[in-house]
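These notes concern the structure reproduced below.
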Amino acid sequence: MHSIQAYLAAAKADKSNVRKVIIGNEAADLDSMASSLAYGYLLNTQNGEDVLPVMPIARADFKLRTEAVYVFEEAGIILDDVVFFDEVDFEALMSGGTELILVDHNKFSPALEKYSANVSAILDHHNDEGLYQEASPRIIELVGSTATLVAMEFDRADVAVEKDVAILLAGTILLDTVNLDPAAGRVTESDILVAEKILPLCPLPGEDFFANIQREKFSVAGLSTNDLLRKDYKEFQFETVRCGIGSALLPVSQWQDMDNNLMAGFASYAVTNELGVLLSMNAYTNPDFNRDLVIYCVDKEGHDQLLEYLHGSGLELSVIEYPQAQEGEGCISFHCQGNLAISRKKLQPLLADFYTK
Ligand SMILES: [Mn+2]
């Protein structure tokens, strides 16, 4: 039987001779990964094409994409047969003329821009950046999820969507469109039409499947402090100060229960990434939406100056007491952030102002 699993195993076995690579965007979200697997399978089924989906993330980081771990598992995907970015010699493939199919983006990240000449096809739902005009097909439609466009390609090619592909695509569409809810402003007519066709092929009703995916997305079970910091992480260089900001989806109090020496975890993360400042913006719903902020600096003076500045910047911080003694280099403090409107996007320019004055 030609299953997606059989396809992946065969594609992996032949990975160094592959003629086409499919890759999603650098955020490596479920849409990027599931769409590349399903689209590769379609091209292979349709005309025996020698095409390899490559996950745009290192294998060790995949476990941080907890919703993808869950959906892949439901679809019966064996991770050993999936190829991750650190498992191919991308440079060698590209210089050997391997074609690139982009899914879930239509413009390369700066790191991959040099391979622009290899782009041969695009399937995406972001704004069209107008690049790679010779790509064929070049399908860019502003639907809720690339997975919807992949499902439409199955239709066009008259290839049946089997249960495993249905799970991958439907799970992605539900996540991306917030369970097809018009109030979330993501879902389009195409997403709904596709979902109506493929959801009945999934073992769980849409409602339950979505609830599970959502629960897995926010699950922090089994993640270390290092994992929680790197799961959704951005780095900024402000003059001479290198600043990292993580975004963890749990309350500080819960994190303190999971790790009784957060100082050590933050300090070692800062050393590894050569940071002067490491912040964690914690966002969670309990049952209302809340924010907490962790501030770590390599020196106490820097910490106190930054805290004073943030107090004057409208974050409405109040201290969360920390029960355990902290051991390690540097200075750490924990706060409840009363001003919920200040996200990482808004904090970044405030920090830029502070460090470049
Ligand atoms: Mn997407």
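A few points about this structure:
- Ratio Rg/Rh, restricted to region 239-357 and using Cα atoms, in which Rh is the Kirkwood radius: 0.93
- Listed pairs Lys12/Lys346; Lys20/Lys63; Lys12/Lys217; Lys114/Lys197; Lys15/Lys114; Lys15/Lys63 exceeding 32 Å between Cα atoms: Lys12/Lys346; Lys114/Lys197
- Calculated FRET efficiency, Glu327 to Glu91, Cβ-Cβ distance, R0 = 56 Å: about 0.85 to the nearest 0.05.
- Region 72-159: proportion of alpha-carbon pairs further apart than 23 angstrom, %: 34 percent
- Converting phi to 3J(HN,Hα) with the Karplus coefficients 6.51, -1.76 and 1.60 and the offset θ = phi - 60°, region 78-88 yields 8, 4, 4, 9, 8, 9, 9, 4, 7, 10, 10 Hz in sequence order, with x at every glycine or proline.
- A protection proxy built from the mean count of other Cβ atoms within 10 Å ranks the segments 49-55, 130-136, most packed first, as 49-55, 130-136.
- In range of the label at Ser343: residues from region 133-150 whose backbone nitrogen is under 15 Å from the point 7 Å along Cα→Cβ: none
- Cα-Cα P(r), region 104-213, percent of pairs per 5 Å interval: 2, 12, 21, 21, 16, 13, 10, 4, 1
- Annotation: peptides 269-280, 112-123, 345-356, ranked by per-residue average of other Cβ atoms within 10 Å with the highest first, follow the order 269-280, 112-123, 345-356.
- Summing charges over neighbours of Asp259, with a neighbour being any other residue whose Cβ is under 14 Å away from its Cβ, gives -3 when K and R count +1 and D and E count -1.
- Estimated at 0.36 nm per residue, the fully extended path between Ile320 and Gln254 surpasses their Cα-Cα distance by 22.6 nm.
- For Val194, net neighbour charge (Lys/Arg +1, Asp/Glu -1) across residues whose Cβ lies under 11 Å away: -4
- Pair-distance profile P(r), taking every C-alpha pair of the chain, with 20 angstrom steps and integer %: 28, 51, 21, 0
- Label-to-label distance, Tyr309 versus Thr272, with points set 7 angstrom from Cα along the beta-carbon direction: 2.6 nm.
- Principal axis dimensions, region 199-304 - Cα atoms, whole angstrom, descending: 58, 27, 24
- Percentage, to the nearest whole number, of Cα pairs in region 4-217 over 28 Å apart: 21 percent
- Across the chain, the relative contact order, built from alpha-carbon pairs under 8 Å that are at least six residues apart, equals 12 percent.
- Förster-model FRET efficiency, 25 Å R0, Glu189 and Ser136, C-beta, rounded to 0.05: 0.45
- Rounded to the nearest 20 debye, the dipole size of the chain about its Cα centre is 260 debye, using +1 on the Cβ of Lys and Arg and -1 on the Cβ of Asp and Glu.
- Distance between the C-alpha centres of region 290-357 and region 156-200: 41 Å, rounded to the whole angstrom.
- Percent accessible area from carbon and sulfur atoms, region 225-356, protein chains only, probe 1.4 Å: 49 percent
- Taking the average, over residues, of other Cβ atoms within 10 Å as the packing measure, peptides 306-312, 33-39, 164-170 rank 33-39, 164-170, 306-312 from highest down.
The values are calculated or read from the model by the stated rules, or taken from the named source; none is laboratory data. No experiment lies behind these values; they were computed from the predicted model shown. A quick note on method: Cβ atoms are made from the backbone with ideal geometry, for glycine too, and the neighbour counts reach across all protein chains shown. These accessible areas exclude ligands, DNA and RNA; they are computed on the full protein's heavy atoms, side chains included. Shrake-Rupley method; radii C 1.70, N 1.55, O 1.52, S 1.80 Å.
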